1. When N counts the residues of the range 100-164, how does its alpha-carbon radius of gyration compare numerically with 2.2 N^0.38 Å, as a ratio?
2. Any chance you could look up the accessible area of I109 with a 1.4 Å probe, heavy atoms only, rounded to 10 Å²?
3. Short version: ³J(HN,Hα) in whole Hz for each residue of the range 141-153, in order, from phi by Karplus 6.51 cos²θ - 1.76 cosθ + 1.60 (θ = phi - 60°), x for Gly and Pro, what are they?
4. In sequence order, what are the phi-derived ³J(HN,Hα) couplings for the range 240-248 according to the Karplus relation 6.51 cos²θ - 1.76 cosθ + 1.60 with θ = phi - 60°, rounded to whole Hz, with x for glycine and proline?
5. Calculate, for A213 and A48, the FRET efficiency according to 1/(1 + (r/R0)^6) with r their C-beta to C-beta distance and R0 25 Å; round to the nearest 0.05.
6. Equivalent-ellipsoid semi-axes (√(5λ), Cα gyration tensor) for the range 49-165, whole Å, largest first?
7. Between R227 and A292, what FRET efficiency follows from the Cβ-Cβ distance if R0 is 35 Å, with the result rounded to 0.05?
8. Using the heavy atoms of the protein chains alone and a 1.4 angstrom probe, what is the accessible area of the range 129-175 per residue in square angstrom?
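The values are calculated or read from the model by the stated rules, or taken from the named source; none is laboratory data. What you are looking at is a predicted structure, and each value in this text was computed from that prediction instead of being measured. Backbone-built Cβ (ideal geometry, glycine too); neighbour counts: all protein chains shown. Please note that ligands, DNA and RNA were not included when accessible areas were found on the heavy atoms of the full protein model with its side chains. Shrake-Rupley method; radii C 1.70, N 1.55, O 1.52, S 1.80 Å.
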Amino acid sequence: MFDFARELGSAVPLTLTLRPPGERGLRLLSARTDRPAGDHRSVDIHHAMTAREAADGICRSCTAALLDNLTQLSSGGGRDALHRTRIGIRRLRALLWFLKPVFGTQAAILSGRLRSLAQFLGGARELDVFCDQLLAPLRRDDPDAPGVEALFEVFDRRRQEEHEKVMAFVRSPAMLDFSLDIVDGLATLSVSEPDAAGHPPWGERTVAGFARARLHGRLRAFLKESRHLQHCAPDRQHRIRVKAKKLRYAAEAFHPVLGGKRGRQLTARLVQLQDLLGELNDARVNRAIALAYARERAGDGGNEAALFAAGLAAATCSFEPTAMLDRAAEARDELAALAR
């Protein structure tokens, strides 16, 4: 049985014992959808719903879409299926984070299980980005540069090996067990305790009241953390990007009860912010991969062509981020204006 916990070096052990899903888990599995990955529009959210009813429907839809993508990945869906699967995991984790007042602390436990799978899939995805966004254009634009063709071949083999590891796991009995574990975990999430001052539990509130209050609070915290983001360290900029994605997925899921025009404007600013910071993060990761390879080859007496190609790849990733960070800061300030 393929053990991706060992591959990750995770401190959290995964116990995978094949078993059938519980009765409620079977109901969740049967709620399949033919919509694209992570598409929650199949859930008809309306103002008469409680937050619990909406949360169950949204998470059921996202889980079904995620399992569909895992099936497509195991059937040879390739890089696109891998990318959609990772998006589906991020979307479901973001919704569990947003819905913690409804589902209780078990939401964080379930999110942690999904995180371990996302980390495992991330290695193949990083090499896809490195090969497709950095090395392929470099190979096309500088075909005569020493060592570039060989560098591409090295990393193309590496990514194929990572994809083979992914395929070995998603086609194993352990993947079935992991999927059932996620379904059962979602089905048995706890209900939050009643609030102070006599308020009903979050899950019993109207979906509109819950979504607006929760989004307002999370948005205020995000705007406080992202203030002067252009001057933050890269790791903090990355955390800001991750939180922007979480807010975006939540706003998209509850769009029907948040208000049309304002909801679209909030989502657009969040998308712009995460995309700009995402480009910066991809460049930094690509540069780190290229430099790690250069150090690796220098340590084992690599030839000059290999070192030159690795240095050229790293240099291609090096650019002045000021303009992009200024645009990200503008998107953040526009978001702040909408939140007032």
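1. The reported ratio for this selection is 1.70.
2. The accessible area of I109 comes to roughly 100 Å².
3. 7, 10, x, 9, 5, x, x, 5, 4, 5, 5, 4, 4
4. So the Karplus estimates, Gly and Pro as x, are 4, 4, 4, 5, 4, 4, 4, 5, 4 Hz.
5. In this case the efficiency is close to 0.90.
6. 38, 13, 12
7. Taking R0 as 35 Å, the efficiency between R227 and A292 is 0.60.
8. 51 Å²
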